[in-house]
Amino acid sequence: MKDIIFDLIDSEKKRQSEGLELIPSENYVSADVLAAMGSILTNKYSEGYPSFEGIPGWDEKDIAEKILPNYRYYGGQANIDRIERLAIDRACKLFHADHANVQPHSGAQANTAVYYAWLEPGDTVLGMSLPAGGHLTHGAPVTLSAHFYNFVGYGVTEDGDIDYDQMERLAMKYEPRIILVGYSAFMKLPDFDRVAKIRDKVAKKTGEEILLMADMAHVAGLIAGGVHPNPLDHGFDVMTTTTHKTLRGPRGGIILSKGNVASPLKKPEKTLANIPILIDRAVFPGTQGGPLEHVIAAKAVAFGEDLKPEFKEYAKNVVENAKTLAKELKKHGFKLQGNGTENHLILANVKESFGFDGKVYERALDMVGLTLNANAVASDKGGAFRPSGVRLGTPAITTRGLGKDEMITLALWMKKVADICKEAKTEENLDKYSADLETIRTEVRDLALKFPVPAI
Ligand code: DSN
C-alpha cells in the first residue's frame, strides 16, 4: 500500500502549483537538481574530504576521469570524490573564492563551523542585531552561538541601511574577533569596503587579526548573477550561504573563503591565511560527521546552472520584479522599511500602514494562496509572535516566469486583502470574509497555473 506520505507530497505539489510563493528565502529547483538529490548517492558514507588542494590546469573532464588524492575514512569513494570536487570547483568559480567547503548541512551549520574555526569561547563577534534584520545564528540569546560567544549587535538607520558609524564605534569599543555582515531581512546593498576599513582600523589598534565574515544566504544568487557586490572581492575572508534560496539549489549550506588551501590533516596556526584549512577542520570532524553526498551532487548541479548566462538574466529579473512590486505596494499605501528595495526582499510595516499586525495579514494571504511570512520591522514593539510587518520577495515567482504585469496584479491583490484585514482585525474574524477572499483565491490560482512550477 502506498505510504500516506506520498499523498501528502501530492497535496504539497498542488499547493505549490496553485499558489504563489513570496517567502524571499524560498525558490524552486530544476528537474536535474531534484534528480541528483533523490539519487542513490544517499547510500554512501564519505567522512573526510576529496583532494584538498586545487588541481591546477584540470578541467571538469579531467576531474571526472583522473584518480584524485583524498583523505576519507571509508572506501569506495571514486565517484563521490569527483562529485564533491566538482561542487567545490564550481562554487569557487561562482564566488571568486580560493576554497569552498560544500559539506555544511545548512546555513546554521556553516556559521557554526566558521565560529568554531576562528573563535575561542567568550570571544566577541560584532553582527547585525536580530530586530534590525540579523539572523538567529548571529547571536540570538536562544542559540548555541550566544551560549559560547559574546555577540554585540549593530542596527540600521532610519532609511534602513546598516548604521556604519555605530558599527565603527562598537568595533573600536568591543574589539571583536569577527565582524559579521549578514541578515535575513535587509534590502540595501552593503558597503563591504567601508566594513573592511573598520576592520583595518580596529586591527591596527589591537594588533590582532580580525576575521571579516559575510553571511550572504539571502543574496548569494544575486552575487553569482552579478547584480550584488561580492564580499570576497572587497576584502572579506569568508562568506557563508545556504544553497536553496536565490542560488536555486538543494537545501544546504557552503562556506567560501580566501587563503591558503592545503591538507586539513595537520592543525594549522590560527591565522587568516590559514582560514580555508581551519574551516575544513571545523566542519569535519569539528561539527559534522558524514556529508550528504546526494545533496552535494545537487549543489554541484545547481552551481553548474548558476554559472550559465541565463542565470544572470534571472538574477537581474529578481531585482527588477522586487523593485516594481515595492513601487506598486507603495502606491497602495504600504509603508516599506528603507522605502523600497535594492535586492530581492521587501519588508512592509502593515501595522503602521493599516493598523493590523503581520500575523493577521500572513493568515489572510495564505487563504488566497499568497505565501509570505510575518516579520519584525526595526524597533518592533510587537515581539516575535505579533510582529508589525511582513517580509516578501521575488526569487521564487521570478523562477516561474512572472514579470512586471504580474507584479502590478500582485500588489493589487495584496491591497484588496489588506482592506479585508482592516475590517476583520483578527485571524478569527477572517472566516466572515471567506466569500471575498475566495474571489481573490480563484484569481491567484488562475494566474499561478499559467506559470508552472519547474520539475513538478
Ligand atoms: N530561515 C531563513 C529565512 O527565511 O530567512 C534564514 O535562515
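The number of residues in segment 263-298 being closer than 14 Å to GLU84 by Cβ and either of a type in the set (D, E, K, R) or modelled with pLDDT under 95 (or both) comes to 3.
Scanning segment 39-57 for residues that are within 16 Å of the ligand (Cβ to nearest atom), of a type in the set (Ser, Thr, Tyr) and either without any contact (Cβ under 8 Å) to a residue 60 or more places away in the chain or not in a helix (DSSP H, G or I) (or both) turns up nothing. Annotation note: of LEU130, LEU180, the sole residue that is in a loop (DSSP other than H, G, I, E, B), within 15 Å of the ligand (Cβ to nearest atom) and of a type outside the set (Lys, Arg) is LEU130.
In this structure, does THR112 turn out to be of a type in the set (Val, Ile, Thr), within 19 Å of GLY290 (Cβ to Cβ) and surrounded by 13 or more Cβ atoms within 10 Å (Cβ to Cβ)? So THR112 passes the test. Considering GLY160, GLY122, the condition of being surrounded by fewer than 20 Cβ atoms within 10 Å (Cβ to Cβ), away from the ligand (no atom under 16 Å from the Cβ) and small (Gly, Ala, Ser) is satisfied by GLY122 alone.
Pairs linking a residue in segment 383-406 that is over 18 Å from ALA132 (Cα atoms) to a residue that is of a type in the set (Asp, Glu), with Cβ atoms under 8 Å and 6 or more positions apart or on different chains, are PRO395/GLU26; ALA396/GLU21; ALA396/GLU26; ILE397/GLU21; ILE397/GLU406; LYS404/GLU320. Restrict the check to segment 305-313 and report whether at least one residue is among the charged types (D, E, K, R), within 18 Å of ASP405 (Cα to Cα) and buried (at least 19 other Cβ atoms within 10 Å of the Cβ). No, every residue in segment 305-313 fails to be among the charged types (D, E, K, R), within 18 Å of ASP405 (Cα to Cα) and buried (at least 19 other Cβ atoms within 10 Å of the Cβ). Checked against (1) more than 16 Å from the ligand (Cβ to nearest atom); (2) hydrophobic (A, V, I, L, M, F, W, C); (3) not in a loop (DSSP other than H, G, I, E, B), ILE255 passes all but a single condition, namely (1). The residues on offer are ALA302, ALA217, ALA262, and the sole one that is part of a loop (DSSP other than H, G, I, E, B) and surrounded by 24 or more Cβ atoms within 10 Å (Cβ to Cβ) is ALA217.
If the condition is being outside any strand (DSSP E or B) and under 19 Å from ARG281 (Cβ atoms), then segment 58-73 contributes PRO69, ASN70, TYR73.
Out of ALA64, ALA97, which single residue is in contact with a helix residue (DSSP H, G or I) (Cβ under 9 Å, 6 or more places away or on another chain), away from the ligand (no atom under 16 Å from the Cβ) and either of a type in the set (S, T, N, Q) or more than 29 Å from THR137 (Cβ to Cβ) (or both)?
Result of the check over ALA64, ALA97: ALA64.
When ALA78 is tested against (1) small (Gly, Ala, Ser); (2) more than 16 Å from the ligand (Cβ to nearest atom); (3) buried (at least 21 other Cβ atoms within 10 Å of the Cβ), exactly one condition is not met: (3).
Considering segment 218-240, the residues that are farther than 22 Å from LEU272 by Cα and within 15 Å of the ligand (Cβ to nearest atom) include one that is farthest from the chain's Cα centre (by Cα), namely LEU222. Reported count of residues in segment 387-403, each being within 14 Å of the ligand (Cβ to nearest atom) and either over 12 Å from LEU345 (Cα atoms) or part of a strand (DSSP E or B) (or both), is 6. Here GLY383 does not fit the description of being at pLDDT below 95, in a helix (DSSP H, G or I) and surrounded by fewer than 24 Cβ atoms within 10 Å (Cβ to Cβ).
The rows are residues; the columns are (1) over 30 Å from ILE440 (Cα atoms); (2) in contact (Cβ under 8 Å) with a residue 12 or more places away in the chain.
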{"site": "MET1", "(1), (2)": "yes, no"}
{"site": "GLN16", "(1), (2)": "no, yes"}
{"site": "GLY19", "(1), (2)": "no, yes"}
{"site": "PRO24", "(1), (2)": "no, yes"}
{"site": "ASN27", "(1), (2)": "no, yes"}
{"site": "LEU34", "(1), (2)": "yes, yes"}
{"site": "GLU60", "(1), (2)": "yes, yes"}
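Residues in segment 318-336 that are more than 17 Å from HIS218 (Cα to Cα), part of a helix (DSSP H, G or I), touching a residue at least 40 places away in the same chain (Cβ under 8 Å) and of a type outside the set (Lys, Arg): THR324, LEU325, GLU328, LEU329. Would you please name the residue that is nearest to TYR314 (Cα to Cα), looking only at residues in segment 1-38 that are among the β-branched types (Val, Ile, Thr) and more than 16 Å from the ligand (Cβ to nearest atom)? For segment 1-38, the residue satisfying everything is VAL29.
The values are calculated or read from the model by the stated rules, or taken from the named source; none is laboratory data. These numbers come from a predicted model, not from an experiment. Ideal geometry is used to build each Cβ from the backbone, glycine not excepted, and the neighbour counts take in all protein chains shown.
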